[in-house]
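Q: This is the structure I have questions about; it appears just below.
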Amino acid sequence: MSRLATGGSRIDRARPITFEFDGVAYPAFVGDTLASALLANDVTVVATSIYDGRPRGIFSAGPEEPNALVGVEWPGGTTESMLRATEVELLDGLSAWPLAGRGRLEAEVAPGRFDHRHAHVEVLVIGGGASGSAAAIAAHAANPDDRVLLLDAEPESVGAPGGSGVPPSGAGIERLPATTALGVYDHGYVTAAQRHPTPRTEGRLWHIRAARIVMATGATERPIVFANDDRPGIMLASAASSYIAGYGVRPGTTAVIFTTNDTTDPVAADLATAGIALAETVDARRGEVVVDTLADDAGRLRAVRIAPLDAAGSPDEARVREVAADLLLVSGGWNPNVALWSQARGTLRFDDALQAFVPDKPGPFRALEATGRAAGVIAGIGMVALTWIVPPLTGDDWSTHYVDLQRDATAADLRRALGAGLQSIEHVKRYTTIGTAADQGKTSGVVASAIAASLLGQEVGAVGVPTYRPPLIPVSFAQLAGRDRGLLLDPTRVTPIHDAHVALGAVFEDVGQWKRPRYYPKPGESMDDAVLREGSATRSAVGVMDASTLGKIDIQGPDAGVFLDRVYTNTFSSLKVGSCRYGLMCRVDGMVFDDGVTSRLADDRFHMTTTTGNAAAVLDHLEEWIQTEWPDLRVRATSVTEHWATVAVVGPRARDVVATLAPDLDVTAEGFPFMTWRDAVVAGIAGRVFRISFSGELAYELNVPSWYGRSLWEAVLAAGAPHGITPYGTEAMHVLRAEKGYPIIGQETDGTTTPQDLGMDGLVSKKKDFIGRRSQRRPDSVRPDRKQLVGLLPVDPDALLPEGAQLVALDADLTRVPVPMLGHVTSSYRSAALGRTFALAMIKGGRDRIGERLLAPMVGGGTIEVEVTGSVVFDPENRRRDGELNEHGQPAT
Amino acid sequence: MLLIPCPWCGPRDETEFKYGGQAGIESPTDPDALTDEEWVAYLFLRDNPKGPFRERWYHVAGCRRWFDRTRDTFTYEFLG
């Protein structure tokens, strides 16, 4: 046991706990980190290095730890795939295991609780040490009304000796314990990770917006590079003091100190109080260096080889001596922690006295300051020797001169990079991988720059350091996600009729954020069978579908008609009140953006419908043109999508169903013609009925205030029961609309499709200007080989083309790549009405190819031969839309 | 994340906004009078300065108003 009998300001000896490491149980105290507890139990080999498989120990006492990587299972059962032992605050019952350089992300969703919080403050102090505490207190004193937030990486405040300088939480200063800033972004935006903010919460991600930021992030001791500098037992000198004073732990029995500066003086005193023999202090400023180390059978440090430097600065081979030691404490100087400063685009300068990069000027966010050690004020450091690396005693083998312990990257790698001609430190970083591990090079980055500088014959300040990037410390995906996962990742929108679909056994599909019934399988029925049944029932009798998700926009104002004339390719100002018109909307580049039926409710009021997934984008599009281009137009647009529930009653029997539901409504083809709408009371509910159709069948779209949606649906099912009314989903809807050649914007089109490509020239006005018109005259918009919408009938009527399949000429040589592509399949279905498969496709010069045969080569071999047809493969004469029956009582076809 | 000064709502997070690109691009009053090259320039060609740039923003998750602001594209500072 290496636990001292007394001492340890961070541990509570009255509260013993037990933890497990690598399957063995050990005692510890509340307040221990996993690293301090392992050292207290003489566990010095705690991990294996990632590539070279070398045993590794605890190198530091803080977030800079490159070596001691462990997996952890918290007492509650939550596991963490990779943590630094120095940053794991022990809990009773915690279990940890050593890693070989990296963890493996859990396949299971982390069960722990993680959340996010936002804070807006006048002053943000990053760092809870003496300087940070003083800065927070001063900020509060200067302006007591300011909100001052202090981020303290430590769980307990160690802000000042005895805690006297610790700012109290509340009263204007809030201290967040166990919280590390991860990144500093534009305009004072800072993210921070808090560990265990409550006993039941594993982690919290803070989003902070600050008017002023004080960096009190301290400094990190850096190592010196020499042969076999990675053995367990070798650690940063200040870490030994931390373990002795903070945790009452003796990290070794016989020590050697290797230093370039005076900050190791108090370490020597701490060793004495802990009863650790100090065999020797090797001070580079006195011309002596550690040149190599020796290990025992377990790979632990056993002895240190020391040599004086000769006149040329090389270790003197003749005067090497060997000193037995199990602890080698290294201090190559101190680097102010400037990563966050640098992320805030503050500039750095190389300080020659300190031999380190220090903050220079703030960047664009001017209310940025550094204080204390972060600003380069390192008390008692004295003069720093220019010793970054000790050459090999003999020969030219640099392969155990580890620079980046976590990446197993060495001085040999650095020399190879520079030998390959790399000069930029950014390139050197990527070539050697130094600084790219989870520790982000906290102990290796500046050292690598200095070694590169000496090899390049440049100043360290001229070489610089690679860009610092967030996150400052590793953060789990679970913590980044917080509660935004599962059902809470994105809102789920359901229609007022949703529960009825669930009761009917609907299979749902996501359309944007909406859940829409895709099909309603009967027991044992496949999707294909269900879709054929639903489509067949709709064409032969009557079907019903929930169309509530359709985007609906209320357009009002005296200039509403003029506005729609400019927005749609076709004319709406001439539309009569009570009538509906299909409209096509383009972007200014001339490409189709959306489509839908818009109805005139009054002289100054229209009801616009949009595709389900595009409703928000269309409203934004309208707002942009109203606000930025046509502020003179007296018109307003408001989303009413969720105001209305829409039930489409579709099929030759639809009139019978609606007549039953709305006895006061004239439902005859003459009294209520196609493409008109009526105010009506349906199933006792006041609403609107539109005679529009997305299937080619006689159809009534019943709109009622959404509160009544479910009632309407049930009433429609009841009224339709004598006619065998069949609920159908989006899949059957797609088949029915595709049989009629109705494109889906975003399925047939892809943002490079004009109305002319869709064969909709008839909907493009020649008499007025509209958004996109001029673009449709561009040479590229009128190329004869543009892809055009056509239908396809596979020669084998049972062959179903995959959507997305490419189409090539019948005589194309498939062995010569690239095979010229003529187009692609956009929609492909089995049709109950046709008794065969069919497809829609966009094909180069497609309308001139009608009657031609093409080939669709299949992934994995084989081809499907198809015949090009017009895009309307069913009822091209539109004889079914009024639902008249012939003398046999069947719909006229 | 930028802190964008909405003239109606005050400073708000960038995630509440939609970017509208360069401001002050005038819609041609008579598109037919333009050559194809001139029309394409209006459609697609935009300045890309390092330094002050007048831009359009849409406070889509707030007041839903469009407005223009000048921003330094190098420092990201809003200048007015």
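Each reported figure results from applying straightforward, stated rules to the coordinates on display, with no laboratory input. Just so it is clear, the structure is predicted and the values come from calculations on it, not from any experiment. Backbone-built Cβ (ideal geometry, glycine too); neighbour counts: all protein chains shown.
Q: Neighbouring Cβ atoms within 10 Å as the yardstick, rank B:15, A:18, A:549, A:259 fewest first. Don't skip to the answer; put the middle values down first.
A: Details: B:15 10, A:18 13, A:549 23, A:259 28.
Ordered from fewest to most neighbouring Cβ atoms within 10 Å, B:15, A:18, A:549, A:259 come out as B:15, A:18, A:549, A:259.
Q: How far apart, in nm, are the 7 Å Cα→Cβ label points at residue A:5 and residue A:813?
A: 9.4 nm
Q: With label points built 7 Å along Cα→Cβ from the Cα atoms of residue A:499 and residue A:527, find their separation and express it in nm.
A: That separation, rounded to one decimal, is 2.9 nm.
Q: Counting only other residues whose beta carbon sits under 12 Å from that of residue A:581, what net charge do I get with K and R as +1, D and E as -1?
A: Summing Lys/Arg as +1 and Asp/Glu as -1 gives 0.
Q: While we're here: What ranking do A:402, A:431 get, fewest neighbouring Cβ atoms within 10 angstrom at the top?
A: A:431, A:402
Q: Then there's this: Give the cross-link partners of residue A:442 among the lysines, using a straight C-alpha distance below 27 Å as the criterion and excluding same-chain residues fewer than 8 apart.
A: Cross-link targets: A:361, A:429.
Q: Under 16 Å between alpha carbons, and skipping anything fewer than 8 positions from residue A:522 in its own chain: which aspartates and glutamates qualify?
A: List returned: A:534, A:731.
Q: Can you pull the mean other chain C-beta count within 10 Å for peptide B:36-45?
A: Whole-number average of other-chain Cβ neighbours for B:36-45 is 3.
Q: Would you list A:586, B:9 from fewest to most Cβ contacts within 10 Å?
A: B:9, A:586
Q: Something else now. Suppose every K and R has +1 on its Cβ and every D and E has -1 on its Cβ; what is the size of the dipole of chain A about the Cα centre, in Debye to the nearest 20?
A: Details: 86 positive and 109 negative charges, 329 e Å.
Taking the Cα centre of chain A as origin, the dipole is about 1580 debye.
Q: Rounded to the nearest 5, what % of DSSP beta bridges with both residues in chain A are antiparallel?
A: 75 percent
Q: I would also like to ask the following. Summing -39500 (n - 2.57) over the DSSP H runs of n ≥ 4 in the protein assembly as shown and dividing by its residue number, what mean residue ellipticity at 222 nm do you reach, to the nearest 500 deg cm²/dmol?
A: -4500 deg cm²/dmol
Q: With +1 on the Cβ of every Lys and Arg and -1 on the Cβ of every Asp and Glu, and nothing else charged, how large is the dipole of chain B about its Cα centre, in debye rounded to the nearest 20?
A: Numbers: 10 positive and 14 negative charges, 111 e Å.
Once rounded to the nearest 20, the dipole reads 540 debye.
Q: Averaged over A:363-371, how many beta carbons belonging to a partner chain fall within 10 Å of each residue's beta carbon?
A: Working: counts 2, 5, 3, 2, 0, 0, 0, 0, 0.
Counting Cβ atoms of other protein chains within 10 Å of each residue's Cβ and averaging gives 1.
Q: Take the Cβ-Cβ distance between residue A:30 and residue A:433 as r, set R0 to 51 Å, and report the resulting FRET efficiency rounded to the nearest 0.05. Don't jump to the answer; show the numbers that get you there.
A: Values: r = 38 Å, r/R0 = 0.75.
Taking R0 as 51 Å, the efficiency between residue A:30 and residue A:433 is 0.85.
Q: Given the peptides A:336-343, A:724-731, arrange them by the average over their residues of other C-beta atoms within 10 Å, most packed first.
A: Ranked from most to least packed, the peptides come out as A:336-343, A:724-731.
Q: Taking each residue of A:626-634 in turn, how many C-beta atoms of other protein chains fall within 10 Å of its C-beta, and what is the average?
A: Partner Cβ neighbours, averaged per residue: 2.
Q: Arranged from highest to lowest average of other beta-carbon atoms within 10 Å per residue, in what order do the peptides A:684-696, A:127-139 appear?
A: A:127-139, A:684-696
Q: Let me ask another. Taking R0 as 45 Å, what's the FRET efficiency between residue A:13 and residue A:477 from their Cβ-Cβ distance, rounded to 0.05?
A: Using R0 = 45 Å, I get an efficiency of 0.75.
Q: Past 29 Å, Cα to Cα: identify those pairs from A:515/A:576; A:552/A:768; A:768/B:50; A:576/A:740; A:576/A:787; A:576/A:766, in the order given.
A: Exceeds cut-off: A:515/A:576; A:768/B:50; A:576/A:787.
Q: Strictly greater than 46 Å: what percent of every Cα pair in the protein assembly as shown meets that? Before the final figure, lay out the partial values.
A: Working: 231203 of 472878 pairs.
So the pairs more than 46 Å apart make up 49 percent of the total in the protein assembly as shown.
Q: Order A:813-822, A:780-789 from most to least packed using the mean count of other Cβ atoms within 10 Å.
A: On the way: A:813-822: 10.8, A:780-789: 15.6.
In decreasing order of mean packing, A:813-822, A:780-789 become A:780-789, A:813-822.
Q: Now, a different point. Provide the gained length on full extension for the span residue A:383 to residue A:847, in nm with one decimal, where the gain is 0.36 nm per separating residue minus the Cα-Cα distance.
A: 158.6 nm
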